[in-house]
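Structure, as structure tokens:
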Amino acid sequence: MRAVCLSVLLSSAVVSAAIHVNQAGYYPAAKKIAVVVDTTATSFQLLNSSTGEVVFTGALSEPLYYDASREKTVLADFTGFRSSGSYALAVPGHGTSYTFDISESRFDHVLKQMVRSYYFQRCSYELLPQYAGEYEREAGHPDLGLPVLDTDLANRLSYDVPGGWYDAGDYGKYVVNAGITCASLLGLFELCPDIIGDDLDIPESGNNISDLLDEVKYELDWLLTMQDEDGGVLFKVGSDEWSWDVMPAHDDKDRYVIGKSTTSTLNFAAVLAMAARIYEDYDATFAQECGDRAEAAWQWACENPQVLRPMHEGGTGPYGDGDDLQFKDEFFWAASELYLSTAKSVYRDTLLTMLQSRTITGAAWWQDVNNLGYFSLSVHQNDLGDAVNNAIESAIIAMADTFVNRIGRSAYRISMESGDYLWGSSGTIGNHGALLVYAHFLTGEQRYLDALVMTTDYLFGKNPMGKSYVTGIGSESPRFPHARIFKADGIDDPIPGFVVGGANQRNEPGIDPDLREVILSGAPPAKCYIDSDGSWASNEVAINQNAPWVLILGYLETHQAENNAAKAKLKGVRTVSREQSFRIKREAGAISISRNAISSPAKLKIYTLQGKCIASKDIKPGESTIRIKVNSLGSESIVICLQKDGSTIAQKMTLVR
């Protein structure tokens, strides 16, 4: 009877705007933290949402202050509670939070929705009801025979450029934003090739190729149409004035191919070079074309190193490159991918020169793709030399440490500071998370995975707005995103899985009147957001905003499960420090493992995460590189154990195909 009464009380309790939780849920064995705003309470309870039973009680933290939202907060940490189920947080004087689940594979469904969002952005494509459900639509924007605007470098008067993804809430298509978007998605495939299967229910499902690769290829096929005969790449596709809020098939605005630039050409070169190595096992002809086209683009960029973006902005976004008119980050990224895919000395030499004056100073975004080169170089073995590779890894780890430290002192346990809340802030913190992904990949250190989990909490509601920034995910999610399709389709619920822009404090030319009113009202930076289809500066969807979160959630879904298995196997085993860490290199039928030379005899063993020992070798004093035959290993994680002087140290590492 008591459980029934508690259940009634819970179901009738007012959801508190003061309690901010991850509305998408938590992993059982991961960090689980909620934020409570402006409270004098000192404790909290975790309630079973079905029975109302109190299953966990904890003390709230000492008060903290978050300058970006001008709030006093306390933290409710229930990491110690690990039972799967549906729960709500209760705080005396505040009622309860939204309900949330604790479960393994917590983000599997969300991840798939986010990847499927790209299918709904397809241009020149009919969405059939068996794949799109109620969001079916006619094909629009065939983009054939489009005339050229704003460049005298085009080799033709018109171009056929069908396909690709609509970039955001408008109907434009942009090569520059396609670059970082495809790179993030392909980066996930290189790290976790099995996380997205062949079952996303898109037209290509069932062809024995990951639907992630299938969906990215739809964009890559469009990119190939944007390359001119001389190797240079056209900049964007769109209309001369903004389209009305109509479905694609009903948009009657004239469309054009607009501009040709060094940045579009280098973004093309980089991402097509990635595709050349990734698709080689699945479509060798396509991969070869990607590689050849990437090299042609590089050659054009070297001969035309300072061709600026088009100035025409009548019905399209500018995608300008800021103050770097030498486009150093684009040249660096393109050289990195071309070197890794071709091993040619021209790209290696360029890289070695550029790396002397480069490092990582922040998160990537479409205007600064520097980090993307570092990410790929850190994943793939190369012959740049130990000193260079150590510098590459150290740059990633140092920036990731900056974000870990920010999270540790933040009143919301996030990496975002006041100055970070600008246009597309949801993508900004996503790209913070991308650095944490690669830091964990390189080191296996738990603190990066913990930081990644807390970063993810932000997106789904543990933020100053108390709102999930992903359509259809969470109890309080965007209802009115800025997107022409969403507004014109006549369906109340927006298509799920789209990340909206998020809080944007900058009162600058080009922002919408809705957001400007919020900013001028004096709202703090982290609360300059409005769920309005008129707010393109805070509530617009965009392909590049989704991409880092696909990387993050795919990596988490892979490594949370792996970590649980590894922890069980390695209970009581000491984790290796960074100074002791191993480096691995894949060879034919074997892997080479390097580390600092040891002074006494030792034994090296390699385990799968399921606990099976797959290799063992004795090591002599002074040896620093060991070659071990290992058959039938794909892209997967392993645990390397070194037994020496009566103790064992271990490191989890991921092999990349």
Inset, instruction - For the chain, give the share of DSSP beta bridges that are antiparallel, in percent and rounded to the nearest 5; count only bridges with both residues there. - result: 90 percent
Inset, instruction - May I ask you to list, by number, the DSSP H helices of the chain whose Cα span along the axis is at least 30 Å and whose average Kyte-Doolittle hydropathy reaches -1.0 or more? - result: 386-409, 543-569
Legend entry - Listed peptides 85-92, 379-386, 543-550 by packing density, highest first (mean Cβ within 10 Å): 543-550, 85-92, 379-386
Legend entry - Positive dipole terminus of the stretch 415-492, leading residue within Tyr469, His432, Thr456 (C-beta point charges): Tyr469
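Hey, any idea what Rg/Rh is for the chain, computing Rh the Kirkwood way over Cα pairs?
Values: Rg = 25.2 Å, Rh = 25.9 Å.
Ratio value, two decimals: 0.97.
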Legend entry - Charge-dipole axis of the chain as Lys and Arg at +1 and Asp and Glu at -1 on Cβ define it, positive-most pick from Leu144, Phe268, Ile396: Ile396
Inset, instruction - Kindly give Rg over Rh for the stretch 210-368, based on alpha-carbon atoms, with the Kirkwood expression for the hydrodynamic radius. - result: 1.00
Legend entry - Cα centroid of the stretch 227-281 to Cα centroid of the stretch 17-78, whole Å: 45 Å
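Efficiency by 1/(1 + (r/R0)^6): what FRET value for Gln130 and Ala41, r their Cβ-Cβ distance, R0 = 45 Å, to the nearest 0.05? Don't skip to the end; give the middle numbers.
Values: r = 51 Å, r/R0 = 1.13.
Calculated value: 0.35.
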Inset, instruction - Output the relative contact order of the chain, whole-number percent, from Cα pairs under 8 angstrom with separation of 6+ residues. - result: 13 percent
Inset, instruction - Compare the Cα positions of Gly163, Gly179, Pro525 along the charge dipole of the chain (+1 at Cβ of Lys, Arg; -1 at Cβ of Asp, Glu; about the Cα centre) and return the one farthest towards the positive end. - result: Pro525
Legend entry - Prolate/oblate/rounded call for the stretch 214-280, Cα gyration tensor, a/c under 1.5 rounded: oblate
Legend entry - Stretchable slack from Asn405 to Gln306, in nm (0.36 nm times residue separation minus alpha-carbon distance): 31.8 nm
Inset, instruction - Keeping all protein chains in place, calculate the accessible area per residue for the chain (probe 1.4 angstrom), answer in Å². - result: 38 Å²
Legend entry - Rg(Cα) / (2.2 N^0.38 Å) computed for the stretch 363-507, rounded to two decimals: 1.19
Legend entry - Evaluated at q = 0.11, 0.13, 0.17 Å⁻¹: base-10 log I(q)/I(0), Debye formula over Cα of the stretch 461-541: -0.26, -0.37, -0.62
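Taking Rh as the Kirkwood radius computed over C-alpha pairs, what is the Stokes-Einstein D of the stretch 249-300 at 10 °C in a medium of viscosity 1.306 mPa s, expressed in µm² per second? Could the numbers behind the result be given before it?
Values: Rh = 12.4 Å.
Taking Rh from Cα pairs, D becomes 128 µm²/s.
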Legend entry - Helix-only CD estimate at 222 nm, as mean residue ellipticity for the chain, using -39500 (n - 2.57) per DSSP H run (n ≥ 4): -11000 deg cm²/dmol
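Using only alpha carbons, build the gyration tensor for the stretch 363-439 and give me the equivalent ellipsoid semi-axes, biggest first, whole Å.
Numbers: eigenvalues 131, 42, 13 Å².
After diagonalising the Cα gyration tensor, the semi-axes are 26, 15, 8 Å.
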Inset, instruction - Please get the size of the charge dipole for the chain, origin at its Cα centre, with Cβ charges of +1 on Lys and Arg and -1 on Asp and Glu, quoted in debye to the nearest 20. - result: 3620 debye
Legend entry - FRET efficiency estimate (nearest 0.05) - Cβ-Cβ, Lys72 to Ser50, R0 25 angstrom: 0.15
Inset, instruction - Provide the FRET efficiency to the nearest 0.05 for the Asp292-Asp618 pair, computing r from the beta carbons and using R0 = 51 Å. - result: 0.60
Inset, instruction - Any chance you could check the Cα centroid distance between the stretch 393-427 and the stretch 169-226 for me, in angstrom? - result: 27 Å
Inset, instruction - Would you work out the relative contact order for the stretch 66-150, in percent, from Cα pairs under 8 angstrom that are 6 or more residues apart? - result: 15 percent
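Order the peptides 104-115, 281-292, 616-627 from the highest to the lowest mean number of other Cβ atoms within 10 Å of their residues. Could the numbers behind the result be given before it?
Working: 104-115: 19.9, 281-292: 15.4, 616-627: 13.2.
Peptide ranking by packing, descending: 104-115, 281-292, 616-627.
Run the numbers on the stretch 359-489 and let me know its relative contact order in percent, using alpha-carbon pairs under 8 Å that are six or more apart.
Numbers: 125 pairs, mean separation 24.2, N = 131.
Taking the mean separation of contacting Cα pairs over the length of the stretch 359-489, I get 18 percent.
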Inset, instruction - Using only the alpha-carbon atoms of the stretch 316-405, report the extent along each of the three principal axes, biggest first, to the nearest angstrom. - result: 41, 36, 20
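The values are calculated or read from the model by the stated rules, or taken from the named source; none is laboratory data. In this text the structure is predicted, and so the values were computed from the model without any measurement. Cβ: placed from backbone, ideal geometry, glycine included. Neighbour counts: every protein chain shown. When the accessible area is computed, the model is the full protein with side chains, heavy atoms only, and any ligands, DNA or RNA have been set aside. Shrake-Rupley method; radii C 1.70, N 1.55, O 1.52, S 1.80 Å.
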